[in-house]
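Quick notes on the structure that follows.
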Amino acid sequence: MNTVTASASRPLIQLQGITKIYGAGDAEVRALRGIDMDVNAGEFVAIMGPSGSGKSTAMNILGFLDKPTAGHYFFGGAAVDHLSRDQLALLRRSFLGFVFQGYNLLARTSALDNVELPLIYQGMAGTKRRQLAREALAKVGLAGREDHYPSQLSGGQQQRVAIARAIVTNPDVILADEPTGNLDTARSHEIMDLLTGLNRNDGITILMVTHEPDMAEYADRMVHFLDGRIESDNKNKKVAGDAV
Amino acid sequence: MLYEAIRLALQAILRNAFRSFLTVLGIVIGVAAVIAMVTVGQGSTDQVEADVSTLGTNLLMIRPGQPSRGPGSGVGGSTASLTMKDVDAIEQQIASVAVAAPSNSRSMTAIFGNVNYTTTVTGTDNRYLTARDWALGSGRSFYESEQRTGSSACILGDTVRQKLFGNGSPLGASIRLKQISCRVIGTLEVKGASSFGTDQDDIVLIPIKAFQRRISGNQDVSMIFASIRTGISTEKGKADIEGLMRERRRIGPFEEDDFNVFDMKQISSMLTGITSVLTGLLSAVAAVSLLVGGIGIMNIMLVSVTERTREIGIRLAVGATESQVLLQFLVEAIVLSLIGGLIGIVLGLALGLLGSRLLSIPFAPDATIVLAAFLFSALVGILFGYFPARRAARMDPIEALRHQ
Ligand SMILES: Nc1ncnc2c1ncn2[C@@H]1O[C@H](COP(=O)(O)OP(=O)(O)OP(=O)(O)O)[C@@H](O)[C@H]1O
Ligand SMILES: [Mg+2]
């Protein structure tokens, strides 16, 4: 596991007064209006809230895909506000894994090649890459499906490939924006079990956006967004109780 | 990383094989044109040089007429013609001249049996064979007596021999040149085509006396061949001949020559000059088609980048840097145009081969130009692939992921 050089006292992720404004003038949209949030290493956080409340916007900023209009973001104790595009790409490559609602796999590309993708950009050699990709696919229960194309896999299986791609680099954090949004209930619970396992067994910090309270129950903390602000931020008592 | 980029590029190109083929057509045509042109151009230059050496680099030709006229121009009506005395004077009075020979030519029909063949009949003497360094294939040259009396003996060039006699021996046979009947005493060795594209073997030699009496009806000599002694420059020989001829023709110090001395080198450089001008012009046309080809590649790469916006978003999300995405698309453009370049090189060489066969000149492929074409198509890929690749690299990952 990559270790972020952080002082033990500081949280892995710190958002301070994060604001995001799209457009200008009459067309101005204030997607985030001052978000303060700390996430410690090893936490599993569910982000909930009505449509348009700014959840995806926050996830994009957390994932170094977008920059806030104002506020500060510390990752592993270091400010990332002024990093260049390429520096942010290097951070994504080393510390983050993404899981999207729509899977976002490369079409006409085998499951194995999809999972290898982040390793290619890390400059890893072919044999090592394939070995790690096979291991990741086995971990998500897709051993034997390496040569399948996305079009030959079910939605649940495609999302597993996406999770394999997210974990193949041994990330510190997985950012999942509605990972079960396109799946039926049974498939959704399978994906949640998989993510929970990664959180509990591998210590991967997970931030997950979801609309479904059932899925949020898997997390040990629930953050509610409303109109670009955090409305509530609670420990999940049920999970905490289960754990005892 | 580069290896990965090449692998990805080939994948992407093969995925749209037909579209890729249409895209590189401009490059293919441009490169093929350049290669074919240079190959044929080089072949004809080689041919001219080979011809000049068969004609003899030490050979000068003297004709009456204004110097500004080319070697093919007719004799000016007012200028005095040359005579046998001029031939002898050039040979005997100029030390740098080894041998001089007269030459009067006319196109005539040669008849043997029921075969008619139109050829060039040249009236000359044995010195012609020496001057042009032309050996006999069979039979003999003219006897002194035949030359003196102008009897009807003739020596056949190889083409004429073949047309009239096929595989049979012509020696001793009588052929008709219009109304004159003449006996074949010898045949010439094969000489091949000249730089002017004419067949040098398409010739019948008869004694100049016979030509003057029975064909032209006057004592004129229309051209003199003079071969310069080895070790002496043609420039020196030319100057000597010009000096003598000015004296003999009584041309004042401020008057222009009324005769012409041609040097084979001069003729060959004129011909190669024409070839290189043509090659240059056609190369310009080829350059334009390479430009068009490059624009085609830019266009298709822009289409490809737009089509693959989502793919680019995914690559950026998993941590591709700008330069990695740029490299991928740049390599794709380069591979695309190199494929075009390679097809063009193969096609160009094939056309060059065909062209040289048709023009019966040597096939002279030039390694430098092949390499240059290859590098140039890579350059086209870089130049025209850079803008689309940069567009891909600069994409906003979020917008790219949201695409479609
Ligand atoms: N690129 C953009 N340009 C302009 N406005 C945007 C852009 N992206 C998001 N917004 C706006 O910002 C606000 C927050 O959007 P966001 O996608 O973060 O919501 P969300 O909480 O993820 O909603 P959902 O649950 O529907 O996914 C919305 O009003 C949206 O219209
Ligand atoms: Mg959203």
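Residue by residue through region A:167-182, note down the ones that are more than 16 Å from ligand 2 (Cβ to nearest atom) and of a type in the set (A, V, I, L, M).
Scanning region A:167-182 gives A:Ile167, A:Val168, A:Val173, A:Ile174.
Do we have A:Gly123 as within 30 Å of A:Ala138 (Cα to Cα) and within 15 Å of ligand 2 (Cβ to nearest atom) here?
Judged against the criteria, A:Gly123 is not a match.
Mind checking which residues of region B:373-397 are within 48 Å of the chain's Cα centre (by Cα), open to solvent by 80 Å² or more (accessible area, probe 1.4 Å) and in contact (Cβ under 8 Å) with a residue 24 or more places away in the chain?
B:Phe376, B:Leu383, B:Tyr386, B:Phe387, B:Arg390, B:Arg391
If only one of A:Ala133, A:Ala138, A:Ala143 is in a helix (DSSP H, G or I), surrounded by fewer than 21 Cβ atoms within 10 Å (Cβ to Cβ) and more than 16 Å from ligand 1 (Cβ to nearest atom), which one is it?
Answer to the selection: A:Ala138.
Taking into account only those residues within region A:104-123 that are within 10 Å of chain B (Cβ to nearest Cβ) and not in a helix (DSSP H, G or I), which is nearest to B:Leu401 (Cα to Cα)?
A:Asn104
Can you tell me which residue is surrounded by the most Cβ atoms within 10 Å (Cβ to Cβ) among those in region A:30-57 that are near ligand 1 (Cβ under 6 Å from one of its atoms) and more than 15 Å from A:Pro213 (Cβ to Cβ)?
A:Gly54
Determine which member of the set A:Leu88, A:Leu15, A:Leu96, A:Leu62 is within 16 Å of ligand 2 (Cβ to nearest atom) and open to solvent by less than 30 Å² (accessible area, probe 1.4 Å).
A:Leu62
I'd like to verify a number: residues in region A:65-85 that are within 14 Å of another protein chain (Cβ to nearest Cβ) and surrounded by 15 or more Cβ atoms within 10 Å (Cβ to Cβ), how many?
So the count comes out to 6.
Quick one: which residue in B:Val318, B:Val331 is within 14 Å of another protein chain (Cβ to nearest Cβ) and over 30 Å from A:Ile61 (Cβ atoms)?
Just a single option satisfies the conditions, and that option is B:Val331.
For region A:150-220, list the helices (runs of 4 or more DSSP H) that sit wholly inside it and hold at least 2 residues that are within 16 Å of ligand 1 (Cβ to nearest atom); which are they?
A:213-216
Condition first: basic (Lys, Arg) and either open to solvent by less than 20 Å² (accessible area, probe 1.4 Å) or at pLDDT below 90 (or both). Now tell me which residues in region B:114-147 satisfy that.
Answer for region B:114-147, where residues must be basic (Lys, Arg) and either open to solvent by less than 20 Å² (accessible area, probe 1.4 Å) or at pLDDT below 90 (or both): just B:Arg132.
Filter region A:15-73 down to residues that are assigned to a helix (DSSP H, G or I) and under 25 Å from A:Asn236 (Cβ atoms), then give me how many there are.
Adding up the residues that qualify gives 8.
Does any residue in region A:146-171 that is away from every other protein chain (no Cβ under 14 Å) come within less than 9 Å, Cβ to Cβ, of a residue that is outside any helix (DSSP H, G or I) and small (Gly, Ala, Ser) six or more places away or on a different chain, and which pairs are these?
Short answer, once both residue conditions are applied: A:Glu146/A:Ser110; A:Asp147/A:Ser110; A:His148/A:Ser110; A:Ser151/A:Ala107; A:Gln157/A:Gly141; A:Arg160/A:Gly141.
Do the conditions hold for B:Asp263, that is, is it farther than 30 Å from B:Ala17 by Cα and at pLDDT 85 or above?
So B:Asp263 does not fit the description; no.
Right, A:Lys67: within 16 Å of ligand 2 (Cβ to nearest atom) and among the charged types (D, E, K, R) or not?
no
The values are calculated or read from the model by the stated rules, or taken from the named source; none is laboratory data. These numbers come from a predicted model, not from an experiment. Neighbour counts are summed over all protein chains in view; Cβ atoms, including those assigned to glycine, are modelled from backbone coordinates with ideal geometry. Calculation scope for accessible area: heavy atoms of the full protein, side chains included, ligands and nucleic acids excluded. Shrake-Rupley method; radii C 1.70, N 1.55, O 1.52, S 1.80 Å.
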